[in-house]
Amino acid sequence: MESVTPVSFSLPQRVVHWATALLVFFNLLFTEGMEEWNRAVRRTGSATAEQVASANIHAYVGIAILILLALRLILRFTSGAPAAPPEEPALFRLGAKLAHVALYVLLIAMPLTGIGAYYLGSSQAGEVHAEVLKTLLWIVIAAHVLGALMHQFYWKTNVLRRMTVG
């Protein structure tokens with residue numbers, strides 16, 4: 001039996017994509033709870049219940065991102081993904097593949113280093129998480145969004161439609 005390449009992403013793929021995006025932006029934009037907890041623990045060796053609760057929200061969202069990413073990979077392998085539009089130059093197709101691989105790697109590495117820092121007390125994991133990986137994630141997200149906008153407004157393809165309404 002021959003496999004057919006889908007023309008758009010399935011509804012579950014789109015829901016998981018946008019749920020992941022929302023949670024990633026939540027954790028990238030609202031880090032104060034974890035930062036407060038970290039400062040308190042470094043300064044006094046303990047944190048208030050409110051600081052722990054705020055840090056837990058950040059940690060639980062990170063774990064949810066990891067779970068959604070696993071679901072997303074399962075859906076990608078079972079449902080497939082649409083082919084790149086023919087209007088996209090080969091160099092940009094390669095860039096898109098590399099950006100997607102980088103997103104997957106970062107969305108696995110971020111929660112794992114966060115777990116290492118928060119639950120296992122590794123300051124090195126915390127530094128990699130908050131400094132290096134966070135910066136790289138912002139860069140890759142910007143490239144991802146820029147690529148989607150190039151498709152929409154320069155090449156006038158249906159790439160945005162495939163991930164929004166199908």
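The values are calculated or read from the model by the stated rules, or taken from the named source; none is laboratory data. For clarity, every value in this text was computed on a predicted model and none was experimentally measured. Quick reminder, even Gly has a Cβ in these numbers, built from the backbone with ideal geometry, and neighbours come from all protein chains shown. For the accessible areas, the whole protein counts, side chains as well, though only heavy atoms, and no ligand, DNA or RNA atoms are used. Shrake-Rupley method; radii C 1.70, N 1.55, O 1.52, S 1.80 Å.
Residue by residue, here is whether (1) under 17 Å from the mean Cα position of the chain (by Cα); (2) surrounded by fewer than 16 Cβ atoms within 10 Å (Cβ to Cβ); (3) touching a residue at least 40 places away in the same chain (Cβ under 8 Å) holds:
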| residue | (1), (2), (3) |
| --- | --- |
| Phe9 | no, no, yes |
| Asn38 | no, no, yes |
| Ala47 | no, no, no |
| Ala53 | no, yes, no |
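Scanning the range 150-166 for residues that are touching a residue at least 12 places away in the same chain (Cβ under 8 Å) and not in a helix (DSSP H, G or I) turns up Lys156, Thr157, Asn158, Gly166.
Among the residues making up the range 86-114, those that are open to solvent by 50 Å² or more (accessible area, probe 1.4 Å) and assigned to a helix (DSSP H, G or I) are Ala90, Leu91, Phe92, Arg93, Leu94, Lys97, Leu98, His100, Val101, Val105, Ile108, Leu112.
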